[in-house]
Amino acid sequence: MEYNIAVVRGDGIGPEVIQETIKVLDAVGNRFGHKFNYNYVLAGGEAIDVTGRCLPDETVAAAKAADAVLLGAVGGPKWDTLPGDERPERALLGLRKSLGLFANLRPAMVFDELADASPLKPEIIDGGLDIVVVRELTGGIYFGEKGFKDTNMGLAAYDVEQYSEEEVRRIARVAFDMAMKRNRHVTSIDKANVLESSRLWRRIVAEIAADYPDVTLDNMYVDNGAMQLVRNPKQFDVIVTSNIFGDILSDEASQITGSIGMLPSASLADGNFGMYEPVHGSAPDIAGTGKANPMAAILSAGMMLRYTFGLGEEADAIENAVRAFLEAGCRTFDIAVDGTVPLTTSETGDKVSSLI
Ligand code: NAD
């Protein structure tokens with residue numbers, strides 16, 4: 001099969017980790033007989049330098065025309081003094097919006113070999129940890145009505161949390177579909193003891209759950225959810241939650257793994273289209289040093305194969321290659337332990353490719 005991928009290399013370590021990801025994708029293509037075509041497009045700081053805009057129209061058009069988007073990372077000190085809506089990071093919001101990416105998937109996985117990197121005690125994560133946070137990405141308080149008004153206590157500012165039934169339905173379906181491919185357990189996190197929007201959320205999630213009799217649904221308040229994630233994270237399989245709660249909880253979940261350089265993410269639209277990117281940023285402090293861990297980007301490409309292209313075996317091949325890399329004792333700089341000589345970004349890409 002042939003697949004067309006729009007690729008945003010981005011800034012800082014973005015191009016470095018993408019280069020290694022392409023090596024691995026090509027190795028997958030060779031082994032399984034697929035052809036991946038890469039259309040390199042501009043977004044972020046590089047796009048500002050070249051075109052004056054962080055998200056040129058051509059990039060949006062190319063992304064829409066592709067089967068999926070792969071993105072490195074954008075941003076850096078060079079553009080930090082620009083006004084908010086002209087900064088490189090605005091390109092991410094623009095892409096999410098124009099591509100209709102309403103579901104953000106962030107797996108938080110602790111590979112056994114990296115258990116030491118987790119800030120949690122070994123007995124809490126013993127036997128591995130494998131959670132996916134499904135965050136609603138285009139609704140809720142970040143996109144609700146906002147403004148200022150005069151009150152007898154002075155100026156007040158407000159941001160409205162609002163969810164429609166259909167917004168909850170579609171994100172709930174993503175979570176339940178995902179649970180069907182995993183351990184068949186969804187935990188919906190809300191604040192239904194206080195918020196009307198959460199009560200609606202809970203009602204609709206229960207309605208969708210009825211279509212998935214094989215999946216167990218638990219509801220949890222967000223304050224408890226934040227606590228349970230560090231107390232007993234192994235109780236979770238798929239977490240589904242709103243934009244703002246997901247923003248916070250997915251960062252918390254990722255820190256449990258202890259290694260930001262290993263964490264992939266996917267943002268999905270209707271009909272399997274998706275944008276895939278590492279969780280980390282452009283890491284300007286290590287750009288150009290060969291110290292960037294390309295694994296988060298490589299695993300993001302694995303998610304692309306699984307969720308957009310429906311290539312489960314090929315996605316397994318990527319995850320297994322990463323696991324074999326770690327089992328062989330190979331380490332990048334961010335996860336190196338005493339006594340190991342870390343591999344550079346490019347050596348890591350070569351090694352993982354050879355293990356495909
Ligand atoms: P960051 O994720 O870039 O870096 C945080 C720390 O983690 C740094 O010490 C960095 O060296 C390290 N790190 C990150 N990725 C790594 C990797 N693959 N291998 C090894 N070490 C890695 O976050 P930041 O420093 O807060 O942000 C830097 C820039 O990236 C900012 O301009 C920010 O706005 C931008 N950013 C972009 C995205 C994105 O493109 N999706 C996300 C977050 C931040």
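The values are calculated or read from the model by the stated rules, or taken from the named source; none is laboratory data. Keep in mind that this is a model prediction, so the values were computed, not measured. Because the Cβ atoms are built from the backbone with ideal geometry, glycine has one as well, and the counts that use them run over all protein chains shown. Quick note on the areas: whole protein, heavy atoms, side chains included, nothing else; ligands and nucleic acids left out. Shrake-Rupley method; radii C 1.70, N 1.55, O 1.52, S 1.80 Å.
Brief remarks follow.
- Its Cα centre serving as origin, the range 129-193 has a Cβ charge dipole (Lys and Arg +1, Asp and Glu -1) of approximately 340 debye.
- Which of Ser198, Ser98 is most accessible, then next, and so on - probe 1.4 Å: Ser98, Ser198
- Total charge dipole magnitude, the chain, about the Cα centre, Cβ charges on Lys, Arg, Asp, Glu only, Debye to nearest 20: 300 debye
- Solvent-accessible surface (1.4 angstrom probe) belonging to Phe102, in square angstrom, nearest 10: 10 Å²
- Cα-based Lys proximity count in the chain, under 23 Å, for pairs eight or more positions apart or on separate chains: 13
- Span-rule helices in the chain, defined as complete DSSP H runs reaching 15 Å or more along the axis (Cα) with Kyte mean at least -1.0: 14-32, 165-180, 196-209, 243-257, 312-327
- Size of charge dipole - the range 119-256 - debye, nearest 20, with Cβ of Lys, Arg +1 and Asp, Glu -1, no other charges: 180 debye
- Antiparallel bridges, percent of DSSP beta bridges restricted to the chain (to nearest 5): 40 percent
- Computed with every protein chain present, the accessible area of Leu82 is close to 50 Å² [probe 1.4 Å].
- Accessible area in the full protein assembly, largest first, 1.4 Å probe, for Met275, Met1, Met220: Met1, Met220, Met275
- Candidates Leu82, Thr59, Leu70 compared by Cα position along the dipole of the range 51-107: farthest toward the positive end lies Leu70, with charges placed on Cβ.
- Considering only Gly128, Phe325, Val341, the residue lying farthest towards the positive end of the dipole of the chain is Gly128, judged by Cα position with unit charges set on Cβ.
- Residue-count net charge about Trp201 - beta-carbon cut-off 15 Å; Lys, Arg +1, Asp, Glu -1: -1
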